[in-house]
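Below: the structure, in structure tokens.
The values are calculated or read from the model by the stated rules, or taken from the named source; none is laboratory data. Note that the structure is a prediction, hence the values are computed from the model and not measured. Cβ coordinates were reconstructed from backbone atoms using ideal geometry, including for glycine residues, and neighbour counts include every protein chain displayed.
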Amino acid sequence: MEKKIKALIIGATGLVGNELLHRLLDSEVYVGVTALVRRPTGLSHPKLTERIIDFDEMELAADEFEVQDVFCCLGTTIKKAGSKEAFRKVDYDYPLKAAELAKARGASQYIVVSAIGADPETKVFYSRVKGELESALITLQFDSLHLVHPSLLLGKRNEFRTAEALSGYLSPVFSPLLRGRLARFKPIKAEDVAAAMLQIAVDGEKGTNIYEWPELDEAARRRA
């Protein structure tokens with residue numbers, strides 16, 4: 001397995017990001033991991049470089065983007081953000097700015113957590129923002145662009161989300177019923193998304209690639 005110089009992760013304190021950060025640090029693939037964060041992760045590791053930044057001034061950390069692989073796990077909700085404008089800043093502006101900085105510094109892979117149903121033409125605001133981000137990322141022409149499309153994420157969050165709590169409770173009952181084309185809507189554990197993202201980066205498929213539940217589940221199983 002070829003070692004890569006360094007990975008960079010943004011959104012490392014979130015549900016998927018925290019799981020992914022631990023996996024990146026434990027992986028023999030990466031010799032260094034940089035985490036751009038708003039607040040300290042509380043982690044100490046010889047491979048970890050942690051830089052606390054203002055995401056509105058991300059360009060001040062441009063040198064940190066001299067890596068091969070960038071993992072973006074940024075995401076919020078309109079309720080938590082406080083407005084549609086604030087939501088768009090976190091889920092569109094910041095991931096796109098990170099991608100632009102990474103591309104300018106020679107990164108070859110960009111792996112981003114998007115969402116199932118992402119569509120720049122939909123009337124659903126959340127899904128439209130995700131789709132618009134994906135369209136913008138595609139125009140940057142990374143060697144490898146990986147768009148991760150989980151359905152409901154399962155895991156322990158700092159804040160309570162009713163839909164995800166209910167989904168976690170009912171998942172053992174209805175997940176087996178989601179088969180065929182409906183399998184893409186199965187809830188998935190954050191730790192499995194993180195494992196899949198690492199495996200996706202290791203595989204390094206060229207071009208633009210979309211991963212829904214079947215692909216994420218398969219990649220996570222290979223990483224286990």
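Between Pro172, Pro214, Pro176, the distinction of being out of contact with any Asp or Glu (no Cβ under 9 Å at 6 or more places or on another chain), surrounded by fewer than 19 Cβ atoms within 10 Å (Cβ to Cβ), at pLDDT 80 or above and more than 23 Å from Ile10 (Cβ to Cβ) belongs to Pro214 only.
Taking each residue of region 207-224 that is over 13 Å from Lys186 (Cα atoms) and looking for partners that are charged (D, E, K, R) with beta-carbon atoms closer than 6 Å, six or more apart or interchain, yields Ala220/Asp192. Residues in region 48-63 that are assigned to a helix (DSSP H, G or I) and over 21 Å from Asp91 (Cβ atoms): 3 in all. Looking at (1) assigned to a loop (DSSP other than H, G, I, E, B); (2) under 16 Å from the mean Cα position of the chain (by Cα); (3) surrounded by fewer than 22 Cβ atoms within 10 Å (Cβ to Cβ), which one does His45 not meet, given that it meets all the others? Here His45 clears every test but (2).
Condition (residue is farther than 18 Å from Met197 by Cβ and polar (S, T, N, Q)) applied to region 55-75: is it met by at least one residue? So far as region 55-75 goes, no, none of its residues is farther than 18 Å from Met197 by Cβ and polar (S, T, N, Q).
Filtering region 28-42 down to residues that are hydroxyl-bearing (Ser, Thr, Tyr) and buried (at least 19 other Cβ atoms within 10 Å of the Cβ), which residue is modelled with the highest pLDDT?
Applying the filter and picking the extreme gives Thr34.
Of all residues in region 116-145, those that are in contact with a Pro (Cβ under 7 Å, 6 or more places away or on another chain) and of a type outside the set (Val, Ile, Thr) total 5. Among the residues of region 76-88, the ones that are loosely packed, with under 15 Cβ neighbours inside 10 Å, not in a loop (DSSP other than H, G, I, E, B) and not aliphatic (A, V, I, L, M) come to 4 in all. Has region 195-204 got any residue that is part of a helix (DSSP H, G or I), on the phi > 0 side of the Ramachandran plot and either modelled with pLDDT of 70 or more or surrounded by fewer than 19 Cβ atoms within 10 Å (Cβ to Cβ) (or both)? Looking for residues that are part of a helix (DSSP H, G or I), on the phi > 0 side of the Ramachandran plot and either modelled with pLDDT of 70 or more or surrounded by fewer than 19 Cβ atoms within 10 Å (Cβ to Cβ) (or both), one finds none in region 195-204, hence no. Are there any pairs with C-beta distances below 8 angstrom linking a residue in region 104-120 that is within 20 Å of Leu216 (Cα to Cα) to a residue that is in a loop (DSSP other than H, G, I, E, B) and of a type in the set (S, T, N, Q), with the two at least 6 apart or on different chains, and if so which? Going by the 8 Å Cβ cut-off, the qualifying pairs are Gln109/Gln68; Ile116/Ser151. Of all residues in region 127-157, those that are of a type in the set (Gly, Ala, Ser), part of a loop (DSSP other than H, G, I, E, B) and closer than 14 Å to Val113 by Cα total 1. Scanning region 104-130 for residues that are out of contact with any Gly (no Cβ under 7 Å at 6 or more places or on another chain), closer than 21 Å to Leu182 by Cβ and surrounded by 16 or more Cβ atoms within 10 Å (Cβ to Cβ) returns Ser114, Ala115, Ile116, Gly117, Tyr126, Lys130.
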